[in-house]
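Single-structure report; data block below.
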Amino acid sequence: MSDSSSIKRLQHSVKGGLESLFLNEKITALIIFLAVVMAFTNNLLSHESIYLFNWLLTLYFLFEAAVKINTFTWRGYISSRKNVFDFSILTGSLFLLLFPAFQTSGVIFLRIFRILALLRILRLLPNTEHVLRGLARAIVASKAILILLAVMLIFFSMLGYSLFSSYLPEYFGNPMTAMNTIFQIFTIENWGAVPEAAKELKNDNLYYTVNTFVISVLILGGFIALSLANAVFVDEMVSDNNNDIKRELLELRAENQEIKELLRQIVDKQAR
(Lines give C-alpha, C1' and ligand atoms only; values in the text may rest on other atoms or scores of the structure.)
Protein backbone atom coordinates (compact mmCIF):
# COMPACT_ATOMS: atom_id res chain seq x y z
CA MET A 1 0.00 0.00 0.00
CA SER A 2 2.83 2.37 0.90
CA ASP A 3 4.71 1.46 -2.29
CA SER A 4 1.64 2.28 -4.36
CA SER A 5 1.18 5.66 -2.65
CA SER A 6 4.89 6.41 -3.08
CA ILE A 7 4.66 5.66 -6.79
CA LYS A 8 1.62 7.90 -7.10
CA ARG A 9 3.41 10.72 -5.25
CA LEU A 10 6.44 10.25 -7.51
CA GLN A 11 4.27 10.37 -10.64
CA HIS A 12 2.52 13.46 -9.33
CA SER A 13 5.82 15.21 -8.62
CA VAL A 14 7.18 14.25 -12.05
CA LYS A 15 4.01 15.51 -13.70
CA GLY A 16 4.23 18.75 -11.74
CA GLY A 17 7.85 19.18 -12.78
CA LEU A 18 7.01 18.61 -16.42
CA GLU A 19 4.14 21.06 -16.27
CA SER A 20 6.35 23.70 -14.66
CA LEU A 21 8.96 23.09 -17.38
CA PHE A 22 6.80 22.87 -20.49
CA LEU A 23 3.46 24.41 -19.55
CA ASN A 24 4.98 27.43 -17.88
CA GLU A 25 3.06 30.46 -19.09
CA LYS A 26 6.22 32.55 -19.32
CA ILE A 27 7.90 30.04 -21.65
CA THR A 28 4.80 29.70 -23.82
CA ALA A 29 4.37 33.49 -23.92
CA LEU A 30 8.04 33.89 -24.89
CA ILE A 31 7.65 31.38 -27.74
CA ILE A 32 4.55 33.14 -29.00
CA PHE A 33 6.25 36.53 -28.73
CA LEU A 34 9.24 35.29 -30.75
CA ALA A 35 6.91 33.84 -33.38
CA VAL A 36 5.09 37.16 -33.68
CA VAL A 37 8.38 39.05 -33.94
CA MET A 38 9.55 36.66 -36.65
CA ALA A 39 6.30 37.16 -38.53
CA PHE A 40 6.55 40.96 -38.52
CA THR A 41 10.28 41.08 -39.26
CA ASN A 42 10.13 38.54 -42.06
CA ASN A 43 11.56 40.99 -44.62
CA LEU A 44 14.44 41.97 -42.35
CA LEU A 45 15.69 38.44 -41.68
CA SER A 46 17.43 36.00 -43.98
CA HIS A 47 15.83 32.79 -45.12
CA GLU A 48 18.41 30.80 -43.13
CA SER A 49 17.59 32.65 -39.90
CA ILE A 50 13.88 32.00 -40.28
CA TYR A 51 14.52 28.36 -41.13
CA LEU A 52 16.82 27.91 -38.09
CA PHE A 53 14.30 29.55 -35.73
CA ASN A 54 11.51 27.29 -36.93
CA TRP A 55 13.68 24.19 -36.48
CA LEU A 56 14.65 25.22 -32.95
CA LEU A 57 11.02 25.82 -32.07
CA THR A 58 10.00 22.49 -33.56
CA LEU A 59 12.77 20.64 -31.69
CA TYR A 60 11.57 22.17 -28.43
CA PHE A 61 8.02 20.96 -29.09
CA LEU A 62 9.34 17.55 -30.18
CA PHE A 63 11.43 17.17 -27.02
CA GLU A 64 8.41 18.18 -24.94
CA ALA A 65 6.25 15.50 -26.59
CA ALA A 66 8.97 12.84 -26.26
CA VAL A 67 9.44 13.48 -22.54
CA LYS A 68 5.71 13.41 -21.87
CA ILE A 69 5.19 10.20 -23.86
CA ASN A 70 8.12 8.55 -22.05
CA THR A 71 6.70 9.63 -18.67
CA PHE A 72 2.99 8.98 -19.12
CA THR A 73 3.09 6.37 -21.99
CA TRP A 74 1.40 7.00 -25.31
CA ARG A 75 -2.07 6.14 -24.01
CA GLY A 76 -1.73 8.50 -21.08
CA TYR A 77 -0.32 11.21 -23.32
CA ILE A 78 -3.18 11.20 -25.80
CA SER A 79 -5.78 10.99 -23.04
CA SER A 80 -5.39 14.76 -22.68
CA ARG A 81 -7.03 16.86 -25.38
CA LYS A 82 -4.38 19.50 -24.83
CA ASN A 83 -1.64 17.02 -25.70
CA VAL A 84 -3.55 15.83 -28.78
CA PHE A 85 -3.86 19.45 -29.90
CA ASP A 86 -0.14 20.08 -29.37
CA PHE A 87 0.84 16.85 -31.14
CA SER A 88 -1.30 17.68 -34.18
CA ILE A 89 0.44 21.07 -34.47
CA LEU A 90 3.83 19.39 -34.05
CA THR A 91 3.03 16.84 -36.78
CA GLY A 92 1.91 19.54 -39.22
CA SER A 93 4.96 21.65 -38.46
CA LEU A 94 7.37 18.74 -38.99
CA PHE A 95 5.64 17.85 -42.25
CA LEU A 96 6.02 21.40 -43.56
CA LEU A 97 9.68 21.57 -42.54
CA LEU A 98 10.70 18.12 -43.79
CA PHE A 99 8.85 18.41 -47.11
CA PRO A 100 9.37 21.97 -48.36
CA ALA A 101 8.45 20.78 -51.86
CA PHE A 102 4.84 21.28 -50.79
CA GLN A 103 5.36 25.04 -50.53
CA THR A 104 3.60 27.09 -53.18
CA SER A 105 6.06 29.99 -53.33
CA GLY A 106 9.04 31.38 -51.41
CA VAL A 107 8.89 30.68 -47.68
CA ILE A 108 5.13 30.34 -47.45
CA PHE A 109 5.41 27.01 -45.63
CA LEU A 110 7.40 28.75 -42.87
CA ARG A 111 4.66 31.32 -42.51
CA ILE A 112 2.11 28.51 -42.25
CA PHE A 113 4.28 26.96 -39.54
CA ARG A 114 4.32 30.18 -37.56
CA ILE A 115 0.54 30.34 -37.77
CA LEU A 116 0.39 26.76 -36.45
CA ALA A 117 2.78 27.64 -33.63
CA LEU A 118 0.66 30.63 -32.66
CA LEU A 119 -2.29 28.30 -32.12
CA ARG A 120 -0.55 27.23 -28.93
CA ILE A 121 -1.66 30.54 -27.44
CA LEU A 122 -4.80 28.63 -26.48
CA ARG A 123 -2.71 27.02 -23.75
CA LEU A 124 -2.57 30.39 -22.00
CA LEU A 125 -6.34 30.50 -21.68
CA PRO A 126 -7.75 29.41 -18.30
CA ASN A 127 -9.70 26.12 -18.38
CA THR A 128 -8.76 25.48 -22.00
CA GLU A 129 -9.99 21.88 -22.00
CA HIS A 130 -13.27 22.94 -20.40
CA VAL A 131 -13.80 25.59 -23.10
CA LEU A 132 -12.91 23.23 -25.96
CA ARG A 133 -15.15 20.52 -24.53
CA GLY A 134 -18.04 22.98 -24.31
CA LEU A 135 -17.32 24.16 -27.86
CA ALA A 136 -17.44 20.61 -29.21
CA ARG A 137 -20.66 19.91 -27.32
CA ALA A 138 -22.22 23.13 -28.63
CA ILE A 139 -21.32 22.25 -32.24
CA VAL A 140 -22.91 18.80 -31.87
CA ALA A 141 -26.05 20.26 -30.29
CA SER A 142 -26.32 22.90 -33.03
CA LYS A 143 -25.97 20.33 -35.82
CA ALA A 144 -29.62 20.42 -36.90
CA ILE A 145 -29.73 24.23 -36.95
CA LEU A 146 -26.41 24.41 -38.81
CA ILE A 147 -27.81 22.03 -41.44
CA LEU A 148 -30.93 24.21 -41.66
CA LEU A 149 -28.76 27.30 -42.14
CA ALA A 150 -26.77 25.56 -44.88
CA VAL A 151 -29.98 24.52 -46.68
CA MET A 152 -31.39 28.05 -46.39
CA LEU A 153 -28.11 29.52 -47.65
CA ILE A 154 -28.10 27.28 -50.72
CA PHE A 155 -31.82 27.77 -51.39
CA PHE A 156 -31.76 31.58 -51.19
CA SER A 157 -28.49 31.72 -53.15
CA MET A 158 -29.92 29.71 -56.04
CA LEU A 159 -33.17 31.67 -55.90
CA GLY A 160 -31.32 35.00 -55.96
CA TYR A 161 -29.08 33.80 -58.78
CA SER A 162 -32.11 32.67 -60.83
CA LEU A 163 -34.05 35.89 -60.30
CA PHE A 164 -31.47 38.66 -60.27
CA SER A 165 -28.28 37.44 -61.99
CA SER A 166 -29.00 39.45 -65.14
CA TYR A 167 -29.96 42.61 -63.20
CA LEU A 168 -27.43 42.61 -60.32
CA PRO A 169 -24.41 40.64 -61.54
CA GLU A 170 -22.15 42.16 -58.89
CA TYR A 171 -24.30 40.48 -56.20
CA PHE A 172 -25.89 37.50 -57.99
CA GLY A 173 -23.76 37.06 -61.11
CA ASN A 174 -22.88 33.42 -60.32
CA PRO A 175 -23.88 30.92 -57.60
CA MET A 176 -20.78 31.59 -55.46
CA THR A 177 -21.25 35.36 -55.62
CA ALA A 178 -24.93 34.91 -54.76
CA MET A 179 -23.97 32.70 -51.80
CA ASN A 180 -21.55 35.33 -50.53
CA THR A 181 -24.28 37.97 -50.81
CA ILE A 182 -26.83 35.83 -48.95
CA PHE A 183 -24.29 35.07 -46.22
CA GLN A 184 -23.67 38.79 -45.77
CA ILE A 185 -27.41 39.34 -45.43
CA PHE A 186 -27.59 36.48 -42.90
CA THR A 187 -24.96 38.21 -40.78
CA ILE A 188 -26.70 41.61 -41.25
CA GLU A 189 -23.55 42.98 -42.85
CA ASN A 190 -24.15 45.70 -45.43
CA TRP A 191 -27.48 44.12 -46.33
CA GLY A 192 -28.87 47.46 -47.54
CA ALA A 193 -26.38 47.61 -50.41
CA VAL A 194 -28.42 45.18 -52.53
CA PRO A 195 -31.69 47.20 -52.47
CA GLU A 196 -29.68 50.38 -53.11
CA ALA A 197 -28.08 48.80 -56.17
CA ALA A 198 -31.54 47.77 -57.43
CA LYS A 199 -32.85 51.30 -56.82
CA GLU A 200 -30.19 52.76 -59.11
CA LEU A 201 -31.59 50.71 -62.03
CA LYS A 202 -34.76 52.87 -62.01
CA ASN A 203 -37.00 49.80 -62.20
CA ASP A 204 -39.75 49.97 -59.56
CA ASN A 205 -40.87 46.35 -59.96
CA LEU A 206 -37.30 45.08 -59.64
CA TYR A 207 -36.66 47.38 -56.66
CA TYR A 208 -39.70 46.13 -54.72
CA THR A 209 -38.96 42.51 -55.62
CA VAL A 210 -35.36 42.79 -54.44
CA ASN A 211 -36.48 44.51 -51.22
CA THR A 212 -39.00 41.77 -50.51
CA PHE A 213 -36.38 39.10 -51.19
CA VAL A 214 -33.72 40.74 -49.00
CA ILE A 215 -36.12 41.37 -46.10
CA SER A 216 -37.34 37.76 -46.25
CA VAL A 217 -33.77 36.46 -46.17
CA LEU A 218 -32.89 38.87 -43.36
CA ILE A 219 -35.82 37.81 -41.16
CA LEU A 220 -35.68 34.06 -41.80
CA GLY A 221 -31.92 33.67 -41.84
CA GLY A 222 -30.48 36.63 -39.97
CA PHE A 223 -33.02 36.96 -37.17
CA ILE A 224 -34.69 33.58 -36.69
CA ALA A 225 -32.20 30.89 -37.75
CA LEU A 226 -29.05 32.60 -36.46
CA SER A 227 -30.79 33.56 -33.20
CA LEU A 228 -31.76 29.91 -32.67
CA ALA A 229 -28.21 28.80 -33.41
CA ASN A 230 -26.80 31.37 -30.97
CA ALA A 231 -29.26 30.36 -28.26
CA VAL A 232 -28.46 26.65 -28.57
CA PHE A 233 -24.73 27.37 -28.79
CA VAL A 234 -24.65 29.54 -25.66
CA ASP A 235 -26.88 27.14 -23.73
CA GLU A 236 -24.56 24.21 -24.45
CA MET A 237 -21.44 26.23 -23.66
CA VAL A 238 -22.73 27.00 -20.15
CA SER A 239 -24.41 23.63 -19.57
CA ASP A 240 -21.50 22.49 -17.39
CA ASN A 241 -22.12 25.41 -15.06
CA ASN A 242 -25.84 24.64 -15.02
CA ASN A 243 -25.14 21.00 -14.17
CA ASP A 244 -22.87 22.06 -11.32
CA ILE A 245 -25.55 24.38 -9.98
CA LYS A 246 -28.18 21.63 -10.21
CA ARG A 247 -25.91 19.20 -8.39
CA GLU A 248 -25.24 21.73 -5.65
CA LEU A 249 -28.96 22.42 -5.31
CA LEU A 250 -29.66 18.70 -4.96
CA GLU A 251 -26.96 18.42 -2.31
CA LEU A 252 -28.42 21.39 -0.42
CA ARG A 253 -31.88 19.87 -0.64
CA ALA A 254 -30.58 16.58 0.75
CA GLU A 255 -28.79 18.38 3.60
CA ASN A 256 -31.94 20.38 4.28
CA GLN A 257 -33.93 17.18 4.54
CA GLU A 258 -31.39 15.75 6.98
CA ILE A 259 -31.55 18.91 9.11
CA LYS A 260 -35.36 18.75 9.16
CA GLU A 261 -35.21 15.10 10.15
CA LEU A 262 -32.80 15.86 13.01
CA LEU A 263 -34.98 18.75 14.23
CA ARG A 264 -38.05 16.51 14.09
CA GLN A 265 -36.28 13.88 16.19
CA ILE A 266 -35.20 16.53 18.73
CA VAL A 267 -38.74 17.87 18.98
CA ASP A 268 -40.14 14.34 19.43
CA LYS A 269 -37.66 13.62 22.26
CA GLN A 270 -38.54 16.86 24.04
CA ALA A 271 -42.25 16.12 23.68
CA ARG A 272 -41.75 12.78 25.42
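The values are calculated or read from the model by the stated rules, or taken from the named source; none is laboratory data. This structure is a prediction, so every number in the text was calculated from the model and none was measured. When we count neighbours, we look across all protein chains shown, and the Cβ atoms used for this are built from the backbone with ideal geometry, even at glycine.
Could you count how many residues in the stretch 141-186 are surrounded by fewer than 16 Cβ atoms within 10 Å (Cβ to Cβ), farther than 16 Å from Ala198 by Cα and of a type in the set (S, T, N, Q)? Qualifying residue count, the stretch 141-186: 2.
Taking Leu226, is it within 29 Å of Leu135 (Cα to Cα), part of a helix (DSSP H, G or I) and in contact with a Phe, Trp or Tyr (Cβ under 8 Å, 6 or more places away or on another chain)? In short, yes. With respect to (1) farther than 29 Å from Ala144 by Cα; (2) surrounded by 11 or more Cβ atoms within 10 Å (Cβ to Cβ), the lone exception for Glu251 is condition (2).
Pairs linking a residue in the stretch 204-223 that is within 16 Å of Thr181 (Cα to Cα) and touching a residue at least 12 places away in the same chain (Cβ under 8 Å) to a residue that is surrounded by fewer than 16 Cβ atoms within 10 Å (Cβ to Cβ) and of a type in the set (Val, Ile, Thr), with Cβ atoms under 6 Å and 6 or more positions apart or on different chains, are Gly222/Ile188. For the stretch 137-149, does any single residue satisfy the condition of being of a type in the set (Ser, Thr, Tyr), part of a helix (DSSP H, G or I) and either modelled with pLDDT of 75 or more or in the same structural domain as Phe223 (by TED's automatic domain parsing) (or both)? No, there is no match, as no residue in the stretch 137-149 is of a type in the set (Ser, Thr, Tyr), part of a helix (DSSP H, G or I) and either modelled with pLDDT of 75 or more or in the same structural domain as Phe223 (by TED's automatic domain parsing) (or both).
Ala117 fulfils the conditions (1) modelled with pLDDT of 90 or more; (2) in the same structural domain as Asn54 (by TED's automatic domain parsing) except for a single criterion, (1).
Looking only at the stretch 51-66, decide whether some residue is at pLDDT 80 or above, surrounded by 16 or more Cβ atoms within 10 Å (Cβ to Cβ) and among the aromatic types (Phe, Trp, Tyr). No, the stretch 51-66 has no match at all.
When the residues of the stretch 199-223 are filtered to those that are in a helix (DSSP H, G or I) and aliphatic (A, V, I, L, M), the one that is farthest from Thr187 (Cα to Cα) is Leu206.
For the stretch 191-205, does any single residue satisfy the condition of being at pLDDT 90 or above, within 29 Å of the chain's Cα centre (by Cα) and either assigned by TED's automatic domain parsing to the domain that holds Arg81 or β-branched (Val, Ile, Thr) (or both)? Checked the stretch 191-205: no residue is at pLDDT 90 or above, within 29 Å of the chain's Cα centre (by Cα) and either assigned by TED's automatic domain parsing to the domain that holds Arg81 or β-branched (Val, Ile, Thr) (or both). Of all residues in the stretch 193-221, those satisfying the criterion of being farther than 27 Å from Leu146 by Cβ and surrounded by 12 or more Cβ atoms within 10 Å (Cβ to Cβ) are Pro195, Ala197, Ala198, Lys199, Leu201, Asn203, Leu206, Tyr207, Tyr208, Thr209, Val210, Asn211.
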